[in-house]
């Protein structure tokens, strides 16, 4: 395998993605790359300090119906999401990228035990805010070896003692169904330089063909020109592929710990790729094939392996808003969260071709967001 001509670009490549059902962007610019990441050393507030004392020491309230932790912070009676009401200034800070998700996670841990792998923050916007990402994953730790990145633990900065993997923020609740929900979840494991890419944190011009972009088939047109396709369409995304309509790709399943090393497929990566004006077409100086053996030799075996890896994940959903949610908003949220987390295919009438977590993993893993009494401090 010849890698001498490989020239990696370190900047994000933003290319037109014609015919893609939905463009989703995940920003990983805050992701630490060392065991002691810069800019992520803030210590969590002591839940026992400040107004109200230790919120975890008292009676959490009734175990049925809506639970009110404090004025403006409630757990819905169906237990699938919390609602945190913010001032207009604070709410808008999460739409202009000045808000800090750690402020919200620290509030969560005043009332909840450290039981959640992911905290999912949803703004309550009717339309996509101009210029804002569709979704962002802010990592708290990486405790899996063999993914291409360094392991680290920065959970204390979020108020977690060890469990939290990362925080997802999406500006609209409808993205539970349409995506990029699946996309942001898999960012915990990928792409952390597992293969070279010109699109940081994503699969770029490669045959990874999954939630983080890439193609599934590649045809040489001659003269260093190639036609790529994804899911039967003569086009593909370099950082996303059609929202939740695309299941996790082979390499994504491997990095998530859901398939064995023997099931990991070889990957093709374009060197010095450039889009042409035709959909799905690009030029490259070469196409390099990385075999599964190459990748495991370079990065080491995944630890834990697929036999011992985590398969069931817990998330806490926090809907931030400027006012109490309406009955219609609550109903829609519960319907979408029930569909996303069920261990079966989602409702075809409302979800169409969108996949939930169970279907996107081929039934190999589950994702739960239902709060039980034991998750609440004092129980």
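Of all residue pairs spaced 6 or more apart or on separate chains, those with beta-carbon atoms under 7 Å, a first member in the range 159-174 that is over 16 Å from residue 134 (Cβ atoms) and a second member that is assigned to a loop (DSSP other than H, G, I, E, B) and modelled with pLDDT under 95 are 159/44. Being surrounded by 16 or more Cβ atoms within 10 Å (Cβ to Cβ), out of contact with any helix residue (DSSP H, G or I) (no Cβ under 8 Å at 6 or more places or on another chain), part of a loop (DSSP other than H, G, I, E, B) and modelled with pLDDT of 95 or more is a property that residue 371 has. Taking each residue of the range 248-271 that is touching a residue at least 40 places away in the same chain (Cβ under 8 Å) and looking for partners that are surrounded by 24 or more Cβ atoms within 10 Å (Cβ to Cβ) and assigned to a strand (DSSP E or B) with beta-carbon atoms closer than 6 Å, six or more apart or interchain, yields 248/210; 249/210; 252/210; 267/206; 269/206.
For every residue, the table says whether it meets (1) over 27 Å from residue 101 (Cα atoms); (2) over 20 Å from the mean Cα position of the chain (by Cα); (3) outside any helix (DSSP H, G or I).
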position	(1), (2), (3)
297	yes, yes, no
317	no, no, yes
328	no, yes, no
363	yes, no, yes
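Residues that are more than 26 Å from residue 311 (Cα to Cα) and under 16 Å from the mean Cα position of the chain (by Cα) within the range 102-131 comprise just one, 123.
For the range 225-270, which positions are part of a loop (DSSP other than H, G, I, E, B) and within 13 Å of residue 211 (Cα to Cα)?
Once the filter is applied, which keeps residues that are part of a loop (DSSP other than H, G, I, E, B) and within 13 Å of residue 211 (Cα to Cα), the range 225-270 yields 231, 236, 238, 239, 240, 241, 242, 246, 247, 248, 249, 256.
Looking only at the range 108-145, residues that are without any contact (Cβ under 8 Å) to a residue 40 or more places away in the chain and outside any loop (DSSP other than H, G, I, E, B) come to 1 in all. Among the residues of the range 54-67, the one identified as under 14 Å from residue 112 (Cβ atoms) and modelled with pLDDT of 70 or more is 67.
Scanning the range 214-224 for residues that are under 28 Å from residue 347 (Cα atoms) and assigned to a loop (DSSP other than H, G, I, E, B) yields 215, 216. Going residue by residue through the range 298-313, is there one that turns out to be within 30 Å of residue 69 (Cβ to Cβ), crowded, with 16+ Cβ neighbours inside 10 Å and in contact (Cβ under 8 Å) with a residue 24 or more places away in the chain? Scanning the range 298-313, I find at least one residue that is within 30 Å of residue 69 (Cβ to Cβ), crowded, with 16+ Cβ neighbours inside 10 Å and in contact (Cβ under 8 Å) with a residue 24 or more places away in the chain, so the answer is yes.
The values are calculated or read from the model by the stated rules, or taken from the named source; none is laboratory data. Note that the structure is predicted; figures quoted are calculated from it, not measured. We place every Cβ from the backbone using ideal geometry, glycine too, and count neighbours over all the protein chains shown.
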